[in-house]
Amino acid sequence: MENPSADNALSKKPSGPSKRAWRYLLWFGLLLIIAVLLFYAFRPTAIYVKTFRVRRAEFQQTIEVDGKTRFEDRYVVSAPLSATLSRSSLNAGDKIAIAQPLLVLRPTMSPLLDQRSRTEARAHLAAAMASQKRSQVAVDAARTDLELAERQLDRVKILAEQGAAPAEELERAQFQSRSRTEELSASEFAQKVANHEAAMARAALGVQGSTEKQASFFEVPSPVDGVILRVLKRDEGVVAAGTPLLEIGDPTTLEIVSEVLTTEAVKIKVGMPVLVENWGKEQKLKGHVYRIEPAAFTRISSLGVEEQRVNVVIRFSDESARVHELGDGYHVEVKIIIWQEKNVLQVPIAAVFRNAKSRWAVYVVKDGKAKLREVSVVRRSSDAVQISKGLKQHETVILFPSDLIKDGVSIDTQN
């Protein structure tokens, strides 16, 4: 006899998901894998940037310009009378002392003695003696100015030690004393030249008033201590009166002349400190602005643009560099410091840019994202800017932000 319950049990299908369910699960898994791959493929990646931490440090606003050295005190030795020049054995770079014989003049085939020559020699002697008197007056005036400046400096030093005078007044008095000393040195050099010219005029008059036997030769002495810059005429030959023969310079009066744009020159004041760089050694030399010439001139730039420039004269503060290291006509680069202060909030100039509103802005790093922030720029130098508003010390800003950097973009910092 058959058991109906057993037949029903055998007729039931095994329990579990159907083929359709398995198909759905397979498609869902594939879609999930594709979604994950698309997420990782198109998710925003962090942009690698270089950053800088905002700091407070000394800030210098400078004007950078090329310069050329020159000897301020230079003298061209010329022939005091028409004669035959003997060949010279002197060379450029030779050191000479005052009154040292430099050149020898001998009579020409025609006599040196004639009425016209004597009259010209007397006139030249009178002019030389007048110049000699003027130079003596200039020396006396410069010496008086120096004495006044030194007394003023002594008074300011006493007041500064007592706290009754600011540091700026002491620096001003020191600069005035240094300037008066340099002016006295220049006046004394001019006096030596005037004395030399007067002596040469007397000697020439004496030669022209002597016989041919007595006037067998005439030595031209050095007017100053210095070094020979150029030998203008070396070979033996006839020279006319006034012909340039040698150029002499005083190495202790070495200075720098820089051609500065007039728009920048108006920011420069006499006495401002100067740094001399790229002159051949790593050492930076110190100097100060000595004079700003009043007349400008036109120069054509490398781009073919006409520029108005003016000469700014710079004096060295380092005596050893002036005497032993640099020479006449050397190329240097100078930084004229027009403003400086310590403990100034600043960032590199590579961090700031103009935003869509044409205002200064930076990108600040915050929580791994770039945040656009407007700032107030007070002053700019060649490599940094002074910030007055918009940033705080120790904040991090992005350097050289590219077009990929936007407000809210994830970044990866590289300090």
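The values are calculated or read from the model by the stated rules, or taken from the named source; none is laboratory data. The structure displayed is predicted, hence computed values, not measured ones. Counting neighbours? That spans all protein chains shown, and the Cβs are built from the backbone with ideal geometry, glycine included. We work out accessible area using only protein heavy atoms, side chains counted, and drop any ligands, DNA or RNA first. Shrake-Rupley method; radii C 1.70, N 1.55, O 1.52, S 1.80 Å.
What the table shows:
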item	result
Whole-number accessible area per residue in Å² for the range 243-352, which is evaluated in the context of all protein chains at 1.4 Å	49 Å²
Helix-derived mean residue ellipticity, 222 nm - over the chain, DSSP H n ≥ 4, -39500 (n - 2.57), to 500	-10500 deg cm²/dmol
Most to least packed among 75-82, 390-397, 59-66, 155-162 [average Cβ atoms within 10 Å]	75-82, 59-66, 390-397, 155-162
Full-stretch length increase - Ser302, Val266 - with 0.36 nm per residue and alpha-carbon distance subtracted	10.6 nm
Solvent-accessible area, 1.4 Å probe, carbon plus sulfur percent, for the chain	53 percent
Most mobile listed residue (Tyr24, Tyr48, Tyr363) in the chain, GNM with C-alpha springs under 10 Å	Tyr24
Listed residue pairs exceeding 21 Å between alpha carbons, taken from Lys157/Lys269; Lys50/Lys366; Lys286/Lys335; Lys371/Lys392; Lys357/Lys389	Lys157/Lys269
Under 14 Å from the Arg380 label point (7 Å along Cα→beta-carbon), backbone N, the range 339-358	347-355, 358
Simple spin-label estimate for Arg172 and Ala46 in nanometres, 7 Å along Cα-Cβ	5.6 nm
Computed over the range 230-345: relative contact order in percent, which uses C-alpha pairs under 8 Å that are six or more apart	30 percent
Using distinct alpha-carbon pairs, which all enter the 1/r mean, Kirkwood radius of the chain in Å	29.1 Å
Cα-Cα pairs of the range 252-380 separated by more than 22 Å (percent)	56 percent
Efficiency of FRET between Arg151 and Gln340 - r from beta-carbon atoms, R0 45 angstrom, step 0.05	0.90
The chain: relative contact order in percent, alpha carbon pairs under 8 Å with at least 6 residues between	27 percent
